[in-house]
Amino acid sequence: MSHTESIDVSEAQTTAADAGQALPNPRQQALFDAVRRDGFLTVDALAVRFDVTPQTIRRDINFLAERKWVRRYHGGVGLPGGAENDAYDARQTQLADEKRRIAVRLAEQVPDHASLFINLGTTTEAVARALSSHRGLRVITNNLHVAAMMSGYADAEVIIAGGVVRARDQGVTGEATLDFIRQFKVDFGIVGISAIDADGTLRDFDYREVRVAEAIIAHSRTVFLAADHSKFGRPALVRLGHLSQVDALFTDRPVPEGMADVIAEAGTRVHVAT
């Protein structure tokens with residue numbers, strides 16, 4: 001298994017310990033990545049792939065299903081469903097090292113004393129963490145986790161968008177959020193995403209969250225998209241926009257074959273965090 005298919009154990013252990021959750025082992029993480037890529041896999045096929053017994057694979061599936069990362073089916077395993085995103089607690093530990101590396105690479109492109117939008121998502125929260133040594137940032141966010149984190153940074157000014165707070169992830173959405181964001185024009189809009197189609201379409205699961213992200217993109221001079229490799233080709237219902245609206249994409253692996261022309265036509269720079 002490659003390094004990019006594993007989680008960063010030291011970082012993930014801290015997160016999981018804080019949440020009182022057991023961590024997936026490397027095989028379980030790789031199994032989850034395979035389901036993300038292929039959508040559905042049989043128990044027998046996974047047993048052959050990982051050279052273990054079907055009983056071992058079933059135990060791995062049960063572990064992941066209990067945390068709502070995957071859904072058990074008769075004879076196999078698939079994604080929980082395309083209508084909604086994974087639970088926030090599960091996403092905190094999924095691909096933790098990949099998100100950290102993406103965040104560090106993106107943070108290198110943000111100068112001190114910049115103004116930023118940062119939207120919802122565990123990847124954008126990793127970016128906020130990676131910006132801890134920056135000075136004089138002015139941050140507007142609808143993510144209460146980001147606000148709490150960055151309010152303690154040196155010289156940082158943090159502004160929280162008004163609106164309705166979602167209990168599941170401490171995100172703020174709604175008409176009041178849109179009205180608030182539209183008052184500003186910032187240097188950088190830092191956004192996360194749930195899915196990127198092969199034609200460059202950006203997608204998410206919640207239309208209210210999509211509307212906020214659309215406003216952030218429209219009111220940012222430069223747009224940075226942070227998305228790990230699992231987001232490519234993932235099913236999600238709501239169209240957010242297109243890669244042509246993104247100045248730079250930060251990810252952890254080379255983009256899938258067949259997307260080179262789409263990205264070239266969109267004019268989006270790609271940064272691969274190694």
Over the Cα atoms, compute the radius of gyration (one decimal) and Dmax (the largest Cα-Cα distance, rounded to a whole number) for the chain, in Å. 18.5, 58
In degrees, nearest ten, helix 54-66 long axis to first principal axis of the chain (Cα): 30
Rounded to the nearest 20 debye, dipole of segment 95-272 from Cβ charges on Lys, Arg, Asp, Glu: 260
Ranked on Cβ counts within 10 Å of their own Cβ, fewest leading, 271, 74, 229, 113 go 74, 113, 271, 229
Hey, if you put +1 on the Cβ of every Lys and Arg and -1 on every Asp and Glu Cβ in the chain, which of 165, 271, 200 ends up farthest toward the positive end of that dipole? 165
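Could you work out the relative contact order of the chain, using alpha carbon pairs under 8 angstrom and six or more residues apart, expressed as a whole percent?
On the way: 543 pairs, mean separation 42.1, N = 274.
Relative contact order, the chain: 15 percent.
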Among 103, 147, 167, which one shows the biggest mean-square fluctuation in a GNM of the chain, springs joining Cα atoms closer than 10 Å? 167
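Calculated from DSSP H runs of 4 or more alone, at -39500 (n - 2.57) each and per residue, what is the 222 nm mean residue ellipticity of the chain, nearest 500?
Working: 11 runs with 105 residues, N = 274.
Counting only the DSSP helices, I get -11000 deg cm²/dmol.
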Pick from 36, 138, 49: which residue has the top mean-square fluctuation in a GNM of the chain where Cα pairs under 10 Å get a spring? 49
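Most exposed first by the Cβ proxy, i.e. fewest other Cβ within 10 Å, how do 118, 217, 102, 159 rank? Each step should come with its number before you reach the end.
Details: 118 30, 217 19, 102 27, 159 13.
By the 10 Å Cβ count, ascending: 159, 217, 102, 118.
How many percent of DSSP beta bridges within the chain run antiparallel, rounded to 5?
Around 40 percent of the beta bridges assigned by DSSP in the chain are antiparallel ones.
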Against the 2.2 N^0.38 Å scaling, with N counting residues, where does segment 66-207 land? I'd like the Cα-based Rg ratio to two decimal places. 1.13
Select from 203, 221, 239 the residue whose mean-square fluctuation is largest in a Gaussian network model of the chain (Cα-Cα springs shorter than 10 Å). 221
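No lab work stands behind these numbers, since they all come straight from the coordinates. All values reported here derive from a predicted model rather than from experimental measurement. Note: ideal-geometry Cβ built from the backbone for every residue, glycine included; neighbour counts use all protein chains shown.
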